[in-house]
Amino acid sequence: MSTRPSGRRRLSRIFAVGLLLATAGTLTGTSASAAPSYHGGTAPGLGASVTVFDPGMPVEQIQATLDATYAKQVDNEMGTERYAYLFKPGTYGTAEKPLQIKVGYYTEISGLGASPKDVVINGKVEVYNRCLADGGTSNCLALVNFWRTLSNLTINVNGAGQDGCRSSANFWAVSQAVSLRRLDIKGGNLSLMDYCTAGPQYASGGFIADSNMPDVVSGSQQQWLTRNSTVKSWSNGVWNQVFSGVEGAPDDATFPVPPYTTIEKTPVSREKPYLFVDAKGKYNVRVPSAHRGTSGTSWDEDLTAGRTLPLGDFFVAKPSDPVWKINAAVTLGKHLLLTPGVYNVDHSINIRRPNTVVLGIGHATLTAVNGATPLTVADVPGVVVAGVTIDAGTKESQTLLRVGNKHGLKLSSASNPTTLSDVYFRVGGPHIGKTDTALEVNSDNVLIDHTWVWRADHGVEGFTGGVNGDNERWRTNTGRQGAVINGDNVTATGLFVEHFQRYNTTWNGDKGTTILYQNELPYDPPTQADWMNGKVEGFAGYKVGNKVRTHNLYGAGVYVFNQNNPSIHTENGFEVPNRPGVKLHHIMTVNLSAGTIDHVVNGVGGPADNSNTGQPVYINEYPAP
């Protein structure tokens, strides 16, 4: 006899769960809204890892709270702690007592104003080089400064009390999975490298959007994307420095000296959703609308265009919440806010309603359990997923995030694209990870606005180290494909994909656009036989499918560092069909001291090998005009 509940019992159960969740959601929203003056501590309804500051709180107390978290997080690269520090509208710090914030791993610093002008920090918000040797005194660099967020603030740069070098700029020395959004930085320079700490001072990657920038020193930054912003000036840059819709951006006429790529207007953009507190003290989420052909910031003269959702419209999830409870809430019409922490996901969180918002704060992390795909999005328009990190688990997942189905209904909208903002992927790092494909996009009209898709080249998985450890990693920490794009009319602004064991990015959809692409090939193939694509040596870092007729790529680099076996060759950095509609603009390959990329694209350009270590091989336009 079947033990499945009858239809009536199932409906009753769903109704009861819905009533429970609706009540819980209402209470959460009311609790957060009912705090007219909150003087620091646990944020109402958002969990113990979220702290809200009020301008009435003494700056010394705010400073002490943030310093204590930084001390815990500055070296906690693979830890599970997550933090969000939110500032209510007002001014923090003074000329005499500036608030000088240092940001460590898995830490978000954000204002709760409707505009970045509503929260003012007199002081700094900074990231310094991480020193990895001799007790933290040497091998100082930013190459592993990942996973932190800064947004929705005005910063009046004030280095009072710091030494002469430190007081010279607001330092933001970072690499991948770090975003600057909705910022107004005034009164001093912004340096994207830390030139005050011992060297080698390398930095590798970053992202700015929707911000007013002062004089920016890029310095040792290998690649960077600045989108829909204004900048007073920009200096330096190692390889690809890309500007899209940036007022004041430098000219790119002499590329690659300097290595600038400038696009006057961003073809498709949508700013990331953000929490804010309104004039009545109520918590809301602003969801910006999508736009085409834009430049400059969204907020400088008026409120960012879009819709406002009260926090009560969200299911506010905690890491202890089971997936069935989250799915029941979104099925019943709730949006989803993921509070900081690590969520073990043993079956998919399914987003099926158009225009649903999934917003993570404090680097909320979904970890696959038992081979699950942690997050799936249906073939519907307008879904926004933002601020979420997705980790592979120890049992292989087919995908980590799937947008649409390969043979789905394709119910998309060019004017209301499904959007992924600051969505990061990890295969390995904190633990062994396994996936076939990290990110799979099957829907049409999707916008990917900043992602880092990473198969870990280092971590705490327990490997033995050295060549044997790398051999073990190749067999155990497995990720075949980073990003696979099957949908048409997909746009990526800030696509970072690294170390996967076959094609890092495969773009099969037509009419796609990528603005800034960064890739490192895997460090760890044991032998050339392990790194073969049929009879071809290796897999290109960026592959455009043979059936694609139209594709545009702006500002892209593929790097090789075959640390495990420096004799390994990769035939091409880029592989694309030879058609007039497939155009690559400002692309390069580079050898980082081990391994060889024989050609830049389709047998043209190169090689990048030990004869020109660290020297990019550029192609300005492919096919040549």
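Any read-out appearing in this document is the output of simple, stated calculations on the displayed coordinates, not a laboratory observation. Everything numeric here is computed off the predicted structure, so don't read it as measured data. When we count neighbours, we look across all protein chains shown, and the Cβ atoms used for this are built from the backbone with ideal geometry, even at glycine.
Count the net charge of all other residues whose Cβ sits under 12 Å from the Cβ of His335, scoring Lys and Arg as +1 and Asp and Glu as -1.
In short, +2.
Excluding Leu309 itself, what net charge comes from residues whose Cβ is under 11 Å from its Cβ, given Lys and Arg +1 and Asp and Glu -1?
Numbers: positive: Arg286, Arg307, Lys334; negative: Asp313.
Taking every Cβ under 11 Å from that of Leu309, the sum is +2.
If you average the alpha carbon positions of segment 559-585 and of segment 286-322, how far apart do those two centres end up, in angstrom?
Rounded to whole Å, the Cα centres lie 37 Å apart.
I need Lys124, Lys232, Lys434 ordered by Cβ neighbour count within 10 Å, fewest first.
In increasing order of surrounding Cβ atoms, one gets Lys232, Lys434, Lys124.
Using a 10 Å cut-off around each Cβ, can you sort Arg352, Arg473 from fewest to most neighbouring Cβ atoms?
Going from least to most buried by this count: Arg352, Arg473.
For Met588, Met78, Met57, which order do you get if you count the other beta carbons within 10 Å of each Cβ and list the fewest first?
Met78, Met57, Met588
In whole angstrom, note down how far apart the Cα centers of segment 335-409 and segment 487-536 are.
If you average the Cα positions of each part, the centres end up 22 Å apart.
Any idea which of Gly555, Gln615, Thr527 is furthest toward the positive side of the dipole for segment 512-625, if Lys and Arg beta-carbons carry +1 and Asp and Glu beta-carbons -1?
Positive-end residue among those listed: Gly555.
How long, wide and thick is segment 312-501, going by the Cα atoms along their three principal axes, in whole angstroms, largest first?
50, 37, 26
Under a point-charge model restricted to the Cβ atoms of Lys and Arg (+1) and Asp and Glu (-1), what is the dipole moment magnitude of segment 99-204 relative to its Cα centre, in debye to the nearest 20?
With only Lys, Arg, Asp and Glu charged at Cβ, the dipole is about 200 debye.
Computed from the coordinates I sent, semi-axes √(5λ) of the Cα gyration tensor in Å equals one of [x] 35, 31, 24; [y] 51, 36, 25; [z] 40, 34, 26. Tell me the label.
Answer label, from the structure shown: [x].
Among His450, Thr331, Phe500, flag the residue with its Cα farthest along the positive direction of the charge dipole of segment 312-501, charges on Cβ as +1 for Lys/Arg and -1 for Asp/Glu.
Value: Thr331.
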